[in-house]
Each structure stands twice: as C-alpha cells, then as structure tokens.
1. So which residues in the range 20-36 are farther than 18 Å from Gly82 by Cα and surrounded by 23 or more Cβ atoms within 10 Å (Cβ to Cβ)?
2. Any residue in the range 147-161 that is assigned to a helix (DSSP H, G or I), in contact with a strand residue (DSSP E or B) (Cβ under 7 Å, 6 or more places away or on another chain) and surrounded by 19 or more Cβ atoms within 10 Å (Cβ to Cβ)?
3. So if I check each of Leu100, Leu46, which one is surrounded by 20 or more Cβ atoms within 10 Å (Cβ to Cβ) and farther than 24 Å from Gly185 by Cβ?
4. Take the residues of the range 166-180 that are in contact with a helix residue (DSSP H, G or I) (Cβ under 9 Å, 6 or more places away or on another chain) and in a helix (DSSP H, G or I): which is nearest to Val88 (Cα to Cα)?
5. Exactly one of (1) buried (at least 20 other Cβ atoms within 10 Å of the Cβ); (2) out of contact with any helix residue (DSSP H, G or I) (no Cβ under 6 Å at 6 or more places or on another chain) is unmet by Glu94. Its number?
6. Can you tell me how many residues within the range 112-141 are surrounded by fewer than 20 Cβ atoms within 10 Å (Cβ to Cβ), in a helix (DSSP H, G or I) and either small (Gly, Ala, Ser) or at positive phi (or both)?
7. Starting from residues that are farther than 21 Å from Ala118 by Cβ and either touching a strand residue (DSSP E or B) at 6+ places or on another chain (Cβ under 9 Å) or at pLDDT 95 or above (or both), keep the ones in the range 54-71 and report whichever is surrounded by the most Cβ atoms within 10 Å (Cβ to Cβ).
Amino acid sequence: MSLNGKVAIVTGGNSGIGMAIVLELAKQGANIVIDYVAHPEATEALEKQVVALGDQAIGVQADVSKVADLQNLINAAVQQFGRVDIMVNNAGIETRTSVLNTTEQQYERVLAINLKSAFFGTQLAAQQMIKQGGGGRIINISSVHEDWPMPGNTAYCLSKGGMRMLTRTAGVELAPHNILVVGVGPGAVATPINLSTMQDPALMKKLDSAMMAAITGAGAAADARGATIQGIPFSALASSSVRPRPSRRVRVTVSRAPASEPTLPTASSAPATPGVSDSARYA
C-alpha cells in the first residue's frame with residue numbers, strides 16, 4: 001500500500017495519537033502538514049523523522065477551535081504541496097468534569113476543540129478536495145466514548161458522540177464527490193491526555209475493570225449496534241475503502257452514500273489550563 005504523492009493534514013499532530021498517525025502516513029509515502037499549538041521543538045523533531053523516512057513535512061501553529069486557523073492549515077498544504085488528499089481531525093482535550101460541575105468555559109472549550117474543529121476541518125478540507133478534483137479521505141479520530149458513557153467526563157463524551165454523527169452524515173453528503181469519511185474510535189491509549197490516569201494505580205485498576213466489563217458484556221452489545229474493526233492499518237483508511245470485521249477494541253465507522261437519496265423533511269417539519277488534560281498539545 002502506498003500514499004506516494006498524497007498530502008495529509010493532521011490536527012494535534014505533534015504528540016500522542018496524532019504523532020503516531022503522522023509517522024504511519026509518512027511511512028506510506030505521504031507529505032504532511034502537522035498542526036500544533038505548543039511545543040514547536042516537538043514538531044521540529046517530528047518533521048525530521050518524517051524527512052528521514054523520505055517524505056516532506058511542515059509544522060503549522062494553528063488553534064483548531066478557530067475556523068480561520070483551520071483555513072490556514074488548508075492554505076499551507078496547498079501552498080507547500082499543491083493539494084489536500086487526506087484530512088485527519090485528531091485534536092482533542094477533556095476536562096474530567098461531570099454534568100453537575102462542568103463550567104460554561106470548560107464546556108465551550110471541549111466542544112470547540114473536539115467537535116467544532118472536526119466539523120469545520122471536514123468542511124474546509126472537502127471544499128478543497130472538490131475544487132481540485134479526485135476525491136479524498138477525511139478521518140475523524142473519535143473515541144469509544146462516542147457510544148460508551150464515561151461518568152465524570154460528560155462534555156468529552158458529548159463531543160465524541162457528535163463526531164460520530166458528523167462522520168455518518170458528512171459521509172452521505174460527500175460520497176457523490178468521491179470523498180470517503182471515516183470515524184475511528186480508539187479505546188484507552190497511553191498518550192499525554194491519559195497521563196493523570198496512568199500515574200494513579202487506583203484509576204488504572206478502575207479503567208482495567210471497566211474495559212473488561214466492556215469486553216465481556218457491554219462491548220458485545222456495542223458491536224451489535226455498529227461496525228468496528230481490528231487490525232486494519234491506519235494507512236488503509238487513508239487510501240481506500242475498507243470492510244470492517246468485528247472487534248471490541250476499536251470502533252470504526254465508514255460512512256457511504258445510500259442506494260437512493262433519503263426524503264428530507266420540509267421546513268415545517270493554550271498553555272495547559274487547570275482542569276483540562278494536556279490542552280496545550282491536544283491529545
């Protein structure tokens with residue numbers, strides 16, 4: 001499988017899952033725009049790793065909660081590499097607060113970075129893909145918590161549930177333009193956003209118990225409700241359609257156009273912030 005000549009944008013790309021995605025895309029031959037909001041030295045080091053793999057990369061400092069900054073990412077890709085073929089909406093934060101104590105500021109920040117950025121990242125990338133022709137791939141990095149409740153992290157779960165429906169609906173809208181929209185919902189991953197959990201043995205024990213319960217019980221029900229996959233390389237999602245097979249570890253939604261158009265109803269019908277896990281580097 002090769003992505004030679006393809007151009008990808010990865011939001012929140014200089015740490016955690018985003019960094020792993022950048023490196024995998026580079027291994028498959030893609031040139032990459034790496035979005036970051038802090039730690040330019042980490043971005044520079046990552047750029048060097050991409051170059052060492054024989055590809056090109058540029059870091060662009062952009063706050064994805066702002067539509068103008070998302071447009072800057074698109075512009076940078078076009079100016080540097082001539083096009084956009086793959087958009088990975090990966091940036092995300094969480095506050096670990098419940099529905100009872102989440103502040104308006106916390107809610108708005110989580111929704112802006114996690115969901116608003118994915119919506120407008122999808123919109124702007126799709127517009128560019130349609131303009132240049134040839135279709136493209138939009139990959140939304142969600143979470144198992146798009147479907148699995150996580151008490152004490154309500155705004156995060158809400159944002160990820162929104163990403164799932166964004167993937168499904170945008171996929172139907174964009175399929176006629178040969179743009180495939182994919183949602184990937186990872187489980188718990190050792191990234192900066194989960195640092196506080198990894199450093200607390202009690203929280204790790206609680207997480208392990210919850211994951212085991214999902215695997216033996218709730219996970220089976222989740223599998224029955226939606227498509228999930230295991231063992232498909234990320235690069236496959238970026239280069240072609242895939243046929244999911246059952247798993248309880250990662251949820252992947254591949255949205256396609258229906259056989260016929262549905263009948264639509266008528267009109268009548270920054271640096272790390274206290275309480276926000278690793279908000280400076282996304283996730």
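The values are calculated or read from the model by the stated rules, or taken from the named source; none is laboratory data. What you are looking at is a predicted structure, and each value in this text was computed from that prediction instead of being measured. Here the Cβ positions follow ideal geometry from the backbone for every residue, glycine too, while neighbour counts run over all protein chains shown.
1. Ile21, Val22, Tyr36
2. No; the residues of the range 147-161 include none that is assigned to a helix (DSSP H, G or I), in contact with a strand residue (DSSP E or B) (Cβ under 7 Å, 6 or more places away or on another chain) and surrounded by 19 or more Cβ atoms within 10 Å (Cβ to Cβ).
3. Checking each option against the conditions leaves just Leu46.
4. Thr167
5. (2)
6. 1
7. Within the range 54-71, the match that is surrounded by the most Cβ atoms within 10 Å (Cβ to Cβ) is Ala57.
Table: residues versus (1) within 19 Å of the chain's Cα centre (by Cα); (2) modelled with pLDDT under 95; (3) farther than 22 Å from Lys66 by Cβ.
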site	(1), (2), (3)
Ser2	no, yes, yes
Val10	yes, no, no
Gly13	yes, no, no
Leu23	yes, no, yes
Ile32	yes, no, no
Glu44	no, no, yes
Glu47	no, no, yes
